[in-house]
Amino acid sequence: MSRTVTNAISAGLIGTGVLAWAFAGRPLVTNPDLETPLNPLGINGSPYGEVFAMAMQGPIDTYFHGVMNGGGTHQHKDGVECDACKKAESEHKAAGADLSWETRFQNLLTSLDKVSEVRTNPKSASEAHRRYLRRQVEDKLRFAYQLDPSHYANYNSLHFFLTEPELGTRPELSPSAAKLAEDTIQYCLKQENDPRPALTAAAATSNILELMFNDQQNPKPKFKTTQMRQYLNLLDHCIGRYAAIAKEWDRTKNWELLSPQRITECDERFNFICKFRDSAEATILRLEGRTPTQASN
């Protein structure tokens, strides 16, 4: 058999296999029951994922400032160095004279890392560039959220991007943001050994209540005060869960394993959520036609 005939038969068999795969594989691809989120090496939701989610704050912060500040960081007009930079450079050189070679090398690496984030274009960023930066922030927020859905800052930032059209690049309806919040609540309330996920669940519940309140501005609101009270009760549950686990951490001294900055963040977030809870109850009472004084009587 000639080589030409052999190649033709092989090509025909390959083509037949591709067609068979296309017809047989389509029902599997389109079956929603078989859709699963990718989780390489089981990192998402693992302790490693929590660490990676925290590490994502740096890149996200860089891109976010690029979006808000016109696509760059500190700049010089017309290439003229400002007085603050001149002073910092002078002090750096003076201090560098007494530093070891190893320390100087570390400082050089640090300065090179900062230079990579400096925008040198004197012109303001174009709309296309700003959109690119917004997309980068949004993609990184989604990635960081998937690594650790209980991370308070990453969840709230992603929710903010979904609900603020000036920032987000993929227009989302309120149901999409509500689903994100519902998924976050379910995930966080399964965490029993750390009080911080309860704060994230409380924040997600607060976001759902806020969506319900905003819905009242529509000609035909979808949500009633009975539904709002269900989520207000859920918010109380999240707050109580945080308080209970936090008290247990006081007993086991687990709080001492966190930095003072992290502890302060938890206190501030807890106080903010408690204030929101009181405001939410007052809003529901107003929608019911009552005042807090009448309700207490």
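Given the conditions (1) surrounded by 15 or more Cβ atoms within 10 Å (Cβ to Cβ); (2) over 27 Å from Glu288 (Cα atoms), which single one is not true for Lys247?
With (1) surrounded by 15 or more Cβ atoms within 10 Å (Cβ to Cβ); (2) over 27 Å from Glu288 (Cα atoms) applied to Lys247, the lone miss is (1).
Could you tell me whether the range 205-213 includes any residue that is under 16 Å from Asp267 (Cβ atoms), surrounded by fewer than 20 Cβ atoms within 10 Å (Cβ to Cβ), free of Cβ contacts under 8 Å to residues at least 60 places away in the same chain and among the aliphatic types (A, V, I, L, M)?
Within the range 205-213, not a single residue is under 16 Å from Asp267 (Cβ atoms), surrounded by fewer than 20 Cβ atoms within 10 Å (Cβ to Cβ), free of Cβ contacts under 8 Å to residues at least 60 places away in the same chain and among the aliphatic types (A, V, I, L, M).
Please go through the range 180-200 and give me each residue that is among the polar types (S, T, N, Q) and farther than 17 Å from Ala153 by Cβ, ordered by number.
Matches in the range 180-200: Gln186, Asn193.
Is it the case that Thr184 is under 26 Å from Gln136 (Cα atoms), at pLDDT below 90 and polar (S, T, N, Q)?
no
If Leu211 meets every condition in (1) out of contact with any Ser or Thr (no Cβ under 8 Å at 6 or more places or on another chain); (2) closer than 22 Å to Pro149 by Cβ; (3) at pLDDT below 95 apart from one, which number is that one?
Here Leu211 clears every test but (1).
I need the helices (runs of 4 or more DSSP H) fully contained in the range 162-268, keeping only those with at least 3 residues that are polar (S, T, N, Q) and within 18 Å of Ala280 (Cβ to Cβ).
196-215, 225-252
Give the residues of the range 228-245 that are under 14 Å from Thr200 (Cβ atoms) and either at pLDDT below 95 or of a type in the set (Gly, Ala, Ser) (or both), sorted by residue number.
Across the range 228-245, there are no qualifying residues.
Do we have any residue at all in the range 278-294 that's in contact (Cβ under 8 Å) with a residue 40 or more places away in the chain, under 25 Å from Asn193 (Cα atoms) and part of a helix (DSSP H, G or I)?
no
Applying the selection to the range 177-201, what residues are among the charged types (D, E, K, R) and in contact with a Cys (Cβ under 8 Å, 6 or more places away or on another chain)?
Within the range 177-201, just Arg196 meets the criteria.
The values are calculated or read from the model by the stated rules, or taken from the named source; none is laboratory data. Note that the coordinates shown come from a computational prediction; the quantities given were computed from them, not determined experimentally. Because the Cβ atoms are built from the backbone with ideal geometry, glycine has one as well, and the counts that use them run over all protein chains shown.
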